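Heads up, the thing below is written out as structure tokens.
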Amino acid sequence: MSRWTRALTAGVLLTVAVLGLVAISGLVRFDFAASDDHRGEVELRVQARETELGRVEVRAQSRTGGSEWATHTPEARFLPVPAEPGEWYSSNPFAVSAAAAVPDVSDPGAYTQWFVEQAIARYERDGLMETIAYYNSPESVDGQWYVFIISEESMIVANRDPDLVGLPAADANGPDGFQAGRMAEAAATVEGAWVDYQFNNPALGRAQIKHSWVVRHDGLVFGSGWYEDGPSKIHAPGAYTQSYVERALELYRVLGREATFEYYNSPESIDGEWYLFIHSADGTRLVNGARADRPGWLGSNLHGTGVDVTGYDYVDDTLSIDTNDWVSYVFPNPDAELQYQRKHSWIVRQGDLLFGSGWYDRNYNLAEQDPAGYARALVQDAIDRYDADGRDAVIEHHNSPESVDGEWYVSIYELDGTRLAHPYLPLGGNLLDGGPDVTGRNFREEFVAIEDQGWVSYVFLNPESGEQEQKHTWVVRHNGLLFAAGWYEPGAYRASNAAPNS
């Protein structure tokens, strides 16, 4: 074998050896700067040739995206001549730069973090103005991924949505007023952090939950995120309730107590039948999106008032929650004209606070399943209307046909028995002017004798059936008036009347 043949053979052996190192051992470092074609693959090759002097020259090259080959060995590497058969020869170590592997979009979390890393690398390479220009262009958008940048002055300087560019981050809110921009800026750290919020997905034109990775770098905030649908309100109201509470806890974690209380005591935080309530560990009401404007509600305590219209006292079950749990009770639904329905509340303890929200079972018919509870609910609704709209408004309403629900209606009296509201009897007359019921019971005196609240039972004409039936009326004294509503117990009077006298 000639000297050049031996040398060339040794060169081929070295080529195989170097390729083996690159492909298997990982001894060659890869640290390319980010390329515009972030999905491109890096090609590597090792070349060998015989020189005119009969020596073998070896070099390493790489390229990305079909670009020109770049040579990474600063000078040719030669093998000794003659080469000894069976002996390995190596060039001096060399470093090859290559882009890190691009995560697949099937792992949206990893892909989001990588996407933000590319933005920071571009900023380091091209500077702020070119980076801002690029991420304000359509070319920078990759499906649902786009980069937003917030300046040191808390202004949005880059975003897929041009309407957001130039606005303060505090003005970038979700469709329900959720403070997404403030959360993204506040959550960002040098190491990077995740933050979740509801935001409009520009690719779909509707709101979804967005999971954003935000990094603070050189005083700027670089962020991107991926979207997903939350649980269905219709098909998974329980899961949606838990998601609603989780969003509140995220706002509390990132922006703190004051911002959370302010937002969830505002009407814009209400999402149909969903609203947030927050109680202190001792039962004090601190937040309630649906009742924050009701005088005396915030600051009042569950103790003594946390009894639903069926008589269930849910205070102990609520305040005894250590981590999280469901509590069910009957409560007015603000998304159904304040009808009393069974509410299932998800409550989470966070330190000395209890965060909760709930969904209403609209198939629950209180009048059918608990008529006594429905009577109490009608009276409470009238009292709530009185507190909200005043005396004249509540009297006018309960003198109108719209206030009557079959056999159900509310009557209102002065404390001396003067009739102020009744859909069937003359106004201005006095309750006490009538006689006892057909059984001889003087129920009218029992009415006006109520000092707080209580039941009065007697036989009365049911306007629906046209017959005398046993009626149970709930009476509450409130601000100098008596509010009453009752239910008829079918057959109760007839059965008792047919019984032999003792």
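Residue check: residue 260 meets all listed conditions (1) over 24 Å from residue 323 (Cβ atoms); (2) in the same structural domain as residue 344 (by TED's automatic domain parsing); (3) buried (at least 18 other Cβ atoms within 10 Å of the Cβ) but one, namely (1).
In the stretch 419-431, is there at least one residue being of a type in the set (Gly, Ala, Ser), closer than 27 Å to residue 240 by Cβ and in a strand (DSSP E or B)? No, every residue in the stretch 419-431 fails to be of a type in the set (Gly, Ala, Ser), closer than 27 Å to residue 240 by Cβ and in a strand (DSSP E or B). Scanning the stretch 397-448 for residues that are in contact (Cβ under 8 Å) with a residue 40 or more places away in the chain and in contact with an Asp or Glu (Cβ under 7 Å, 6 or more places away or on another chain) returns 406, 407, 420. When residue 352 is tested against (1) touching an Asp or Glu at 6+ places or on another chain (Cβ under 9 Å); (2) under 28 Å from residue 180 (Cα atoms); (3) surrounded by 16 or more Cβ atoms within 10 Å (Cβ to Cβ), just one condition goes unmet, and that condition is (3). Inspection of the stretch 317-329 finds a residue satisfying the criterion of being modelled with pLDDT of 95 or more, out of contact with any strand residue (DSSP E or B) (no Cβ under 7 Å at 6 or more places or on another chain), surrounded by fewer than 17 Cβ atoms within 10 Å (Cβ to Cβ) and over 23 Å from residue 362 (Cβ atoms).
The listed residues are 413, 364, 424, and the only one of them that is of a type in the set (Ser, Thr, Tyr), modelled with pLDDT of 95 or more and either in contact with a Lys or Arg (Cβ under 7 Å, 6 or more places away or on another chain) or over 20 Å from residue 292 (Cα atoms) (or both) turns out to be 413.
Looking only at the stretch 221-249, filter to residues that are hydroxyl-bearing (Ser, Thr, Tyr) and in contact (Cβ under 8 Å) with a residue 12 or more places away in the chain; which one of those is surrounded by the fewest Cβ atoms within 10 Å (Cβ to Cβ)? Across the stretch 221-249, the extreme among qualifying residues is 243. Yes or no: the stretch 282-303 includes at least one residue that is in contact with an Asp or Glu (Cβ under 8 Å, 6 or more places away or on another chain), at pLDDT 95 or above, closer than 23 Å to residue 259 by Cβ and of a type in the set (Ser, Thr, Tyr). Checked against the condition, which is being in contact with an Asp or Glu (Cβ under 8 Å, 6 or more places away or on another chain), at pLDDT 95 or above, closer than 23 Å to residue 259 by Cβ and of a type in the set (Ser, Thr, Tyr), the stretch 282-303 yields no hits at all. Within the stretch 279-291, being in a loop (DSSP other than H, G, I, E, B) and out of contact with any Pro (no Cβ under 8 Å at 6 or more places or on another chain) holds for 281, 282, 283, 291.
Of the strands (runs of 3 or more DSSP E) lying entirely inside the stretch 140-227, those carrying at least 2 residues that are under 15 Å from the mean Cα position of the chain (by Cα) are 193-201, 206-217.
Just one of the listed residues (336, 382, 388, 375) is assigned to a helix (DSSP H, G or I) and surrounded by fewer than 17 Cβ atoms within 10 Å (Cβ to Cβ), namely 388.
Taken over the stretch 36-51, the criterion of being modelled with pLDDT under 55 and over 30 Å from residue 105 (Cα atoms) is satisfied by no residue. Of all the listed residues (396, 407, 467), the sole one being of a type in the set (Asp, Glu) and in contact with a Leu (Cβ under 9 Å, 6 or more places away or on another chain) is 467.
The values are calculated or read from the model by the stated rules, or taken from the named source; none is laboratory data. Values in this document were obtained by computation on a predicted structure and should not be read as measured data. Cβ: placed from backbone, ideal geometry, glycine included. Neighbour counts: every protein chain shown.
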